[in-house]
Every structure is written in structure tokens, then in C-alpha cells.
1. Just name one of Leu69, Gly45, Ile15: the one whose Cα is farthest towards the positive end of the charge dipole of the chain (beta-carbon charges, Lys/Arg +1, Asp/Glu -1).
2. At 15 Å minimum axial length over the Cα atoms and a Kyte-Doolittle cut of -1.0, report the qualifying DSSP H helices in the chain, or say none.
3. Greater than 21 Å separation of Cα atoms is the criterion. Which listed pairs, Lys21/Lys52; Lys21/Lys53; Lys9/Lys57; Lys2/Lys61, meet it?
4. Where nothing but the Cβ of Lys and Arg (+1) and of Asp and Glu (-1) is charged, how large is the charge dipole of the chain around its Cα centre, in debye to the nearest 20?
5. Counting only other residues whose beta carbon sits under 13 Å from that of Thr27, what net charge do I get with K and R as +1, D and E as -1?
6. With springs only between Cα atoms under 10 Å, which of Ile34, Ile50, Ile15 fluctuates most in a Gaussian network model of the chain?
7. So, R0 is 25 Å and r is the distance between the beta-carbons of Val68 and Ser39; what FRET efficiency does that work out to, to 0.05?
Amino acid sequence: MKDLTVKQKAVLSAIKEFINKNSFPPTCQELRSILGYSSANSITGYLDLIEKKGYIKRAPKIARSIVVL
């Protein structure tokens with residue numbers, strides 16, 4: 001697995017914290033709110049990169065499909 005940038009680590013950390021607290025993964029909108037981003041595309045972009053690096057797995061078109069590997 002490749003190293004994550006500081007922002008990618010923040011997104012992954014937010015995902016893990018959300019799952020630990022709620023027992024299910026966050027949606028992109030929830031991540032956007034948690035991290036203070038105004039653009040959903042920013043979150044989607046980070047998720048794409050984190051997935052390519054092998055830290056998470058997602059299913060297309062399913063809102064809560066993030067699985068931390």
C-alpha cells in the first residue's frame with residue numbers, strides 16, 4: 001500500500017471514527033460535513049485516491065459502501 005497524504009489520512013481517520021461510533025460507514029455528505037468541505041467532489045476524489053492506494057473498498061452507487069481494509 002502506498003502512503004497517504006495528510007488530507008487523505010484525515011479522511012481515513014474520519015471514516016474510522018464514524019464507523020467506531022455508529023457501527024456503519026459515513027456517506028459522502030456526512031464526511032463533507034465532518035471535515036468541513038463545501039464540495040462533494042473533494043470527498044469523492046479523496047475516497048478514489050484512498051481506494052486506489054488500498055486502504056478502503058467501495059461499491060459503486062451505494063451510499064454507505066466504504067469498507068476499511
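Readers should treat all values here as calculations from the given coordinates under stated rules, not as data from a laboratory. Since this is a predicted model, take the numbers as computed values, not measurements. Virtual Cβ from ideal backbone geometry, glycine too; neighbours counted across all protein chains shown.
1. Leu69
2. Working: long enough: 6-22 (24 Å, -0.16); 40-52 (18 Å, 0.06).
Membrane-span-like by this rule: 6-22, 40-52.
3. Working: Lys21/Lys52 26 Å; Lys21/Lys53 25 Å; Lys9/Lys57 15 Å; Lys2/Lys61 25 Å.
Violating the 21 Å Cα-Cα cut-off are Lys21/Lys52; Lys21/Lys53; Lys2/Lys61.
4. On the way: 12 positive and 5 negative charges, 25 e Å.
Computed charge dipole of the chain: roughly 120 debye.
5. Numbers: positive: Arg32, Arg58, Lys61, Arg64; negative: Glu30.
Charge balance in the 13 Å sphere: +3.
6. Most flexible of the set in this elastic network: Ile34.
7. Details: r = 23 Å, r/R0 = 0.93.
Efficiency, from the Cβ-Cβ distance: 0.60.
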